[in-house]
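The values are calculated or read from the model by the stated rules, or taken from the named source; none is laboratory data. Predicted model, so just to flag it, every value in this text is computed and none were measured. When we count neighbours, we look across all protein chains shown, and the Cβ atoms used for this are built from the backbone with ideal geometry, even at glycine.
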Amino acid sequence: MTEAGVRVPALEDAEEAEKEAGRVSKIPVVPQGAPWTAVERVMFERRSIRKFRKTQVPAHVIRRLLEVARFAPSQGNCQPWKLVVVRDAAMIQGMEDFCVGECRKLTESLDYATMRKGSLKYRVARAKTKVFGRLQPNMLHPVPITACTAIAQGRFAVFHHAPTVILVLMDKRAIGVPAIDIGICGTNIVLAAQSLGLGTCWVGFSKFLNESKEWCAKFGAEDPFEIEEAICVGYPVGDTTHLIPRETHETAWFEGGKRELIY
């Protein structure tokens, strides 16, 4: 029974209940080998853009992305996110400078690959890296550490000189795994942007902004909220129409009492 006292049919009775209510919907037929839909093509063609044109994206287009984000699914429909749009060039530069400074601190204390092998500093950094690596294996993976060093040395921009940056804040009180809901919300944004001819790039280094009380106060990233990700948005430079190769993964397929591996 629902709160209104209306009986909710069991799942096995759902189809019959639908027929009785006169709401039978037609099952869509997708022939084998049918062309990809527009939505599927957007998913295939999306790629991370790290070179943007200086031309700003119209505000009404960004608002479209925010509206699409609002309709992202979340556990219990709790929508554990808050979006902050930054389009002020000086402000984005300030965010960049702060994150670069944090990367320098991290590199100087942990990236032993940049230190003289065998030195005391090298041995201390390596020991610290092993400890922190166990505590934060994702953040201290070789890929982000290498990128962190490149940022610290001025060879890689945090926000890629994008004209618009959308910060995705996460409510840590949310049920389930709010970080997954944040990822879904952000995916809605990047796919919608792709469909509108824009380029995007996820920026995990934006989390460094959580270390600044000043930035957190400006963005409303105060407990229980924190900055989880940032998405750069703008018009791409160059030809971005070619597909990026992706690894084929082994998938277990169970059907008819049998297990099959597909690729």
Picked from the stretch 3-19 (must be in a helix (DSSP H, G or I) and surrounded by fewer than 12 Cβ atoms within 10 Å (Cβ to Cβ)), the residue modelled with the lowest pLDDT is Leu11
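Yes/no matrix, rows are residues, columns are (1) touching a Leu at 6+ places or on another chain (Cβ under 7 Å); (2) of a type outside the set (S, T, N, Q); (3) surrounded by 14 or more Cβ atoms within 10 Å (Cβ to Cβ):
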site: Ala21; (1), (2), (3): no, yes, no
site: Pro28; (1), (2), (3): no, yes, no
site: Glu40; (1), (2), (3): no, yes, no
site: Ser48; (1), (2), (3): no, no, yes
site: Phe52; (1), (2), (3): no, yes, yes
site: Val57; (1), (2), (3): yes, yes, yes
site: Glu67; (1), (2), (3): no, yes, no
site: Pro80; (1), (2), (3): no, yes, yes
In the stretch 179-192, anything touching a Phe, Trp or Tyr at 6+ places or on another chain (Cβ under 8 Å) and buried (at least 21 other Cβ atoms within 10 Å of the Cβ) is listed as Asp181, Ile182, Cys185, Gly186, Val190
Among residues of the stretch 193-223 being among the small types (Gly, Ala, Ser) and crowded, with 20+ Cβ neighbours inside 10 Å, the residue farthest from Thr164 (Cα to Cα) is Ala221
With the structure loaded, tell me whether Val158 is in contact with an Asp or Glu (Cβ under 7 Å, 6 or more places away or on another chain), modelled with pLDDT of 95 or more and buried (at least 16 other Cβ atoms within 10 Å of the Cβ) or whether it fails that test. yes
Quick check, is Val61 part of a helix (DSSP H, G or I) and either in the same structural domain as Thr241 (by TED's automatic domain parsing) or over 19 Å from the mean Cα position of the chain (by Cα) (or both)? yes
Wholly inside the stretch 142-258, helices (runs of 4 or more DSSP H) that include 2 or more residues that are in contact (Cβ under 8 Å) with a residue 40 or more places away in the chain and outside the structural domain of Val57 (by TED's automatic domain parsing) are 142-152
